[in-house]
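Working notes, structure below.
Computed from the coordinates by the stated procedures, all read-outs in this text should not be read as laboratory data. This one's a predicted model, so the numbers in the text were calculated from it and none came from an experiment. Here the Cβ positions follow ideal geometry from the backbone for every residue, glycine too, while neighbour counts run over all protein chains shown.
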Amino acid sequence: MFRQKMYDILLDWKSRFQGRTAMLVEGVRRVGKSTVVEEFTRREYRSYILVDFAEASRDVHELFDDVSDLDYLFLQLQLRYSARLLDRELLIILDEVQMCVRVRQAIKQLVKDGRYDYIGTGSLVSIRRNTRDILIPSEEERAQMRPMDFDEFRWARGDDATVPLLRRAFASRRPLGERFNRRLMRDFRLYMLVGGMPQAVDALLRTNDPSTGLSSSIDLGKFKLYLADTDLFVTLAFKDADFTDNIVYGKLLSDKLPVNLGMVYENVVDQELTAHGRRLFYHTWPKPGTTRNYEIDFIVPDGKKVSPVEVKSSKYRTHASLYAFCGKYSSRVGRRYLVYTKDLDRDGAVDCIPTYMSAFL
């Protein structure tokens, strides 16, 4: 199993609430929810029961329709899953809870009973179909698990020193040196190609060959769509190209792909910001005298102000939209960022940030 930040979130939940709430780990399929929960359970509890509602029989599902007799429920689970029922030392994992929506309503009684701890996992658990006719309990904590961020990707490759170093460099705005920057950008492009899904990262570590098997104020009427994992974006963006997938990967990894990769770099910045809990906003407005628009790729909170972020796919440093935005909203602008592929730098009032530092924004 890879080291992932979700493990620390679960540790904090166990220590802070001590059984007073259940935890629900949400996330897309194959992101590693069940794996991290099972590993956490084996390390932190003396006994556990894993109820996988995607595979459980109908009578197991029906056990949670009526939880008025918890002694009967626990006895049935013990018989079916051959587990020791140890007060305050047993965790019951409710896997794929979207397949048994009644179990979420039962959480209130289960937590109130106080004998055991509960972690649910699931995908699409919040859509109307999966919450219809049930009362969502206030005793349910929720955590969103996303594809591995660049930090976790470095951990998987045995490196837990680089990202703290980058964080300090970002805070002090001290350049790293172009040689080190080139190496880091190559590593980051590898992350863009492989993505953050654990199976893809595992395949990279086993084969060291990213290839096709690892496969581009809110107005709710205007939005951008990004893919949760940039590897899938790259595969889809170039699937109709004249050259093979391996050539795409090789050229992107060496920074020699002869196309504008702005959309790919925007997607990976989105992935990093989202992985670190940032809500995503962008801003666009007409460019006077033309039919085109100015556009700021991302806007992030900066205390009582906001920080505009432009993303470029190379050392390209012109940023007309950034200057126009700062001129238009000067009293509300904090820091100004250009995210690009070169070393840390400063261009007037603009902080120029290498792509692999986008998580720190």
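Summary table
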{"quantity": "Karplus-derived 3J(HN,Hα), 6.51/-1.76/1.60, for each residue of segment 60-70, Hz, glycine and proline x", "calculated": "5, 4, 5, 4, 8, 6, 9, 10, 6, 10, 5"}
{"quantity": "At R0 = 22 Å, FRET efficiency that the Cβ-Cβ distance of LEU190 and ARG167 yields, to 0.05", "calculated": "0.65"}
{"quantity": "Three-way shape call for segment 5-144 based on the alpha-carbon gyration tensor, with the a/c threshold at 1.5", "calculated": "rounded"}
{"quantity": "Amide H within-cut-off set for MET197, under 5 Å, with H built and near neighbours excluded", "calculated": "MET148"}
{"quantity": "Efficiency of FRET between LEU70 and GLN144 - r from beta-carbon atoms, R0 25 angstrom, step 0.05", "calculated": "0.25"}
{"quantity": "Charge context of CYS326, other residues only, Cβ under 12 angstrom, K/R +1, D/E -1", "calculated": "+4"}
{"quantity": "Pairwise FRET efficiency - GLU89 versus LYS304, Cβ, R0 = 35 Å, nearest 0.05", "calculated": "0.15"}
{"quantity": "Around TYR7: net Lys/Arg minus Asp/Glu count, Cβ-Cβ under 13 Å", "calculated": "0"}
